[in-house]
């Protein structure tokens with residue numbers, strides 16, 4: 001049901017991990033629904049110089065996490081904020097219809113990480129998503 | 001290497017079964033209801049097949065009705081009995097962990113004015129006899145509980161449940177699709193009134209099942225048509241598949257003990273290695289009342305689809321009870337009924353071994369499984385949160 005590009009992105013994901021002392025961090029989803037995505041960003045002069053992800057979820061969630069992190073590296077934060085899940089899906093040359101919702105998480109996690117970065121810049125804090133698990 | 005560990009989904013058709021069926025596709029092609037010699041030959045083959053099936057499960061041959069699948073047999077039993085006995089009562093009872101053929105037939109009945117009670121199960125997947133005592137009432141016309149659960153392999157206390165149903169004047173049906181190759185079935189000993197089976201679960205062909213209907217039990221028809229199956233199930237009799245089903249069942253009965261011992265050995269090695277070598281894993285099922293083939297595990301912090309796909313990349317075919325594989329968001333109704341937490345249920349895989357698997361395949365599967373789980377956990381924020389990213393508990 002997945003195309004070769006998605007299968008490759010899932011089998012050999014890029015940017016797996018967590019950046020220490022990240023400039024921006026965003027976690028979305030919950031374990032009950034079976035999808036959690038955590039994205040950490042390193043940002044210099046409003047440009048994303050590194051991005052890493054950790055994902056609990058299906059193959060589509062892992063593939064979109066990997067692809068989305070690859071896409072935002074090198075982008076300014078304004079560009080990254082405009083990254084839609086549709087663009088990520090396009091980059092993967094399509095996802096099965098019932099898997100489109102998985103790609104939304106990547107867009108949301110990146111937005112949340114940038115929001116976190118901006119808040120830190122203004123000495124504010126953004127409420128973090130607490131991951132809950134049995 | 002290609003390894004098939006999904007025998008609860010389907011089994012390969014035994015070569016001896018294929019051989020037995022072949023003549024009935026070509027030379028012996030007659031319609032079993034035709035009057036001429038072609039028809040008579042086909043009718044004889046179907047009659048023999050019916051008798052073989054009947055002998056093996058301990059009933060009369062006129063109590064066996066061939067169907068197109070186990071699903072059809074389940075639909076027929078549930079809807080047929082409920083509709084026929086509508087004037088007596090509108091209540092039926094099933095268990096919460098039935099196959100979708102039963103679950104969705106019960107839902108259909110519910111939409112058509114029937115009341116359905118779904119019996120809960122304990123953490124090992126067992127239905128409790130006393131729960132049936134509580135649920136059954138004077139309106140109950142049918143109780144249907146599977147003999148063996150298809151996801152976790154737990155064997156249900158059918159005889160005791162049937163006894164209660166009968167004491168309250170209700171009929172008892174059992175979906176025995178997963179039980180057939182592993183448990184010797186005797187319908188009178190079990191006390192069931194109706195029983196469903198499916199050939200492709202015991203190394204027979206797909207597309208054929210059967211419903212045992214005890215003589216005297218009345219139910220409405222599901223498929224109206226000609227006079228086939230004593231006018232109870234229309235549709236030209238599928239001679240080759242009926243022959244294949246009988247041959248497969250005969251072989252399964254003859255080789256049951258040997259196969260069971262062998263498959264249990266494979267399963268035990270697999271289970272012991274998984275529990276010993278992979279941390280944060282839960283075994284789902286009953287360790288006493290179970291068939292030898294199934295081992296269901298939940299691997300914490302990861303999602304089933306990913307496991308299934310990475311195993312697939314390694315040439316290993318297993319099945320995920322997880323949501324994503326079926327395109328729905330609902331995790332396994334069986335595991336949830338057993339009280340497995342929903343977040344843990346997402347990482348569940350059913351391994352079901354068969355008579356052709358080898359110890360080497362078991363070891364290869366465990367080796368690849370260890371890599372797969374480690375790789376997915378490395379990516380999982382849950383695993384990193386809970387353990388700091390290390391396997392040292």
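Annotations
- Some residue of the range A:27-39 being over 17 Å from residue A:104 (Cβ atoms) and at pLDDT 95 or above: no
- Being more than 15 Å from the chain's Cα centre (by Cα), within 17 Å of residue B:196 (Cα to Cα) and surrounded by fewer than 21 Cβ atoms within 10 Å (Cβ to Cβ) is a description that does not apply to residue B:167.
- Every residue from the range B:170-213 that is part of a loop (DSSP other than H, G, I, E, B) and over 17 Å from the mean Cα position of the chain (by Cα): B:170, B:186, B:191, B:193
- Matching residues in the range A:12-36 - criterion: being outside any strand (DSSP E or B) and either touching a strand residue (DSSP E or B) at 6+ places or on another chain (Cβ under 7 Å) or at positive phi (or both): A:15, A:17, A:18, A:19, A:21, A:22, A:23, A:31, A:34
- All positions within the range B:324-340 that are within 14 Å of another protein chain (Cβ to nearest Cβ) and modelled with pLDDT of 95 or more: B:335, B:336, B:339, B:340
- Among (1) in contact with a strand residue (DSSP E or B) (Cβ under 8 Å, 6 or more places away or on another chain); (2) more than 14 Å from chain B (Cβ to nearest Cβ); (3) without any contact (Cβ under 8 Å) to a residue 40 or more places away in the chain - the single one residue A:71 does not satisfy: (1)
- For the range A:72-105, taking the residues that are within 13 Å of residue A:58 (Cα to Cα) and crowded, with 22+ Cβ neighbours inside 10 Å, the one that is modelled with the highest pLDDT is identified as A:95.
- In the set (1) crowded, with 17+ Cβ neighbours inside 10 Å; (2) more than 10 Å from chain B (Cβ to nearest Cβ); (3) assigned to a loop (DSSP other than H, G, I, E, B), residue A:43 fails one condition alone, (3).
- Among the numbered conditions (1) assigned to a loop (DSSP other than H, G, I, E, B); (2) without any contact (Cβ under 8 Å) to a residue 40 or more places away in the chain; (3) within 14 Å of another protein chain (Cβ to nearest Cβ), the only one that residue A:98 does not meet is (1).
- Test: residue in the range B:138-156 that is touching a strand residue (DSSP E or B) at 6+ places or on another chain (Cβ under 7 Å), part of a helix (DSSP H, G or I) and closer than 22 Å to residue B:289 by Cβ: no
- For the residues B:264, B:253, the requirement of being in a helix (DSSP H, G or I), closer than 20 Å to residue B:202 by Cβ and in contact (Cβ under 8 Å) with a residue 60 or more places away in the chain singles out B:253.
- Counting only residues that are touching a helix residue (DSSP H, G or I) at 6+ places or on another chain (Cβ under 8 Å) and within 14 Å of chain A (Cβ to nearest Cβ), the range B:282-316 holds 17 of them.
- The number of residues in the range B:341-393 being surrounded by 19 or more Cβ atoms within 10 Å (Cβ to Cβ), part of a loop (DSSP other than H, G, I, E, B) and within 8 Å of chain A (Cβ to nearest Cβ) comes to 2.
- Leading residue by the ranking (surrounded by the most Cβ atoms within 10 Å (Cβ to Cβ)) among those in the range A:1-11 that are at the interface with chain B (Cβ under 10 Å from one of its Cβ atoms) and assigned to a loop (DSSP other than H, G, I, E, B): A:2
- Being over 23 Å from residue A:11 (Cα atoms) and within 14 Å of another protein chain (Cβ to nearest Cβ) is true of residue A:113.
- Residue within the range B:116-134 that is more than 30 Å from residue B:282 (Cβ to Cβ) and surrounded by fewer than 15 Cβ atoms within 10 Å (Cβ to Cβ) present: yes
- Strands (runs of 3 or more DSSP E) fully within the range B:45-123 counting 3 or more residues that are assigned by TED's automatic domain parsing to the domain that holds residue B:27 and without any contact (Cβ under 8 Å) to a residue 24 or more places away in the chain: none
- For the range B:14-44, a residue qualifies if it is surrounded by fewer than 19 Cβ atoms within 10 Å (Cβ to Cβ), part of a loop (DSSP other than H, G, I, E, B) and within 28 Å of the chain's Cα centre (by Cα), and exactly one does: B:25.
- Scanning the range A:108-121 for residues that are touching a residue at least 24 places away in the same chain (Cβ under 8 Å) and surrounded by fewer than 20 Cβ atoms within 10 Å (Cβ to Cβ) gives A:108, A:111, A:115, A:118, A:120.
The values are calculated or read from the model by the stated rules, or taken from the named source; none is laboratory data. Computed from a prediction, not measured in an experiment: that's the story for all the values here. Note that each Cβ is placed from the backbone with ideal geometry, even for glycine, and that neighbours are counted across all protein chains shown.
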